[in-house]
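This report concerns only the one structure given below.
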Amino acid sequence: MPQQIPVVDYLELGDRPHLRARECTACGALYFDRRNACAKCFGTEFTARALSNHGRLRAFTFVHRVKRPFVSAIVELDGGGVVKANLLGVEDPEQITPRLPVVLETYAVGTDDEGTEAIAFGYRPQGGEK
């Protein structure tokens, strides 16, 4: 298996890829970026928290200003957390229903000269996994 690196630092690879957020220890607010203070309660202590690979579609839009249209989505994760990502495997708006259940999927987006793969993530409608 080639060496792999995530395209964002909050994507954890391995046997069970998942997203990881920073959680405020005072109020439980979740953040993907590094924080000195919580935007909700101004707390300054954070811990790492693994997020669920399952969630529901909160909002979406089809992006057509590119050669290959794609679906940009907001996903509300089971157990907490909200993330923006692409919705995979959907080409027709009729395939999307309110609160559509989705599951995290990782995929290679490129390989460098040494063979290291860059790995991104998106969400696929649950039941539509490869």
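Just so it is clear, none of the values below were taken in a lab; they were calculated from the coordinates. Every value quoted in this text rests on a predicted model; they were computed, and no experiment measured them. Every residue, glycine among them, receives a Cβ derived from its backbone with ideal geometry; neighbour counts consider all protein chains shown.
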Item to check | Complete set of residues in the stretch 89-110 that are of a type in the set (Val, Ile, Thr), surrounded by 13 or more Cβ atoms within 10 Å (Cβ to Cβ) and in a strand (DSSP E or B) | outcome: VAL102, VAL103, THR106
Item to check | Qualifying position, being out of contact with any Gly (no Cβ under 6 Å at 6 or more places or on another chain), under 21 Å from ARG16 (Cβ atoms) and basic (Lys, Arg), among ARG65, ARG99, ARG56, ARG34 | outcome: ARG56
Checklist entry - Can you name every residue in the stretch 32-65 that is basic (Lys, Arg) and part of a strand (DSSP E or B)? => result ARG49, ARG56, ARG58
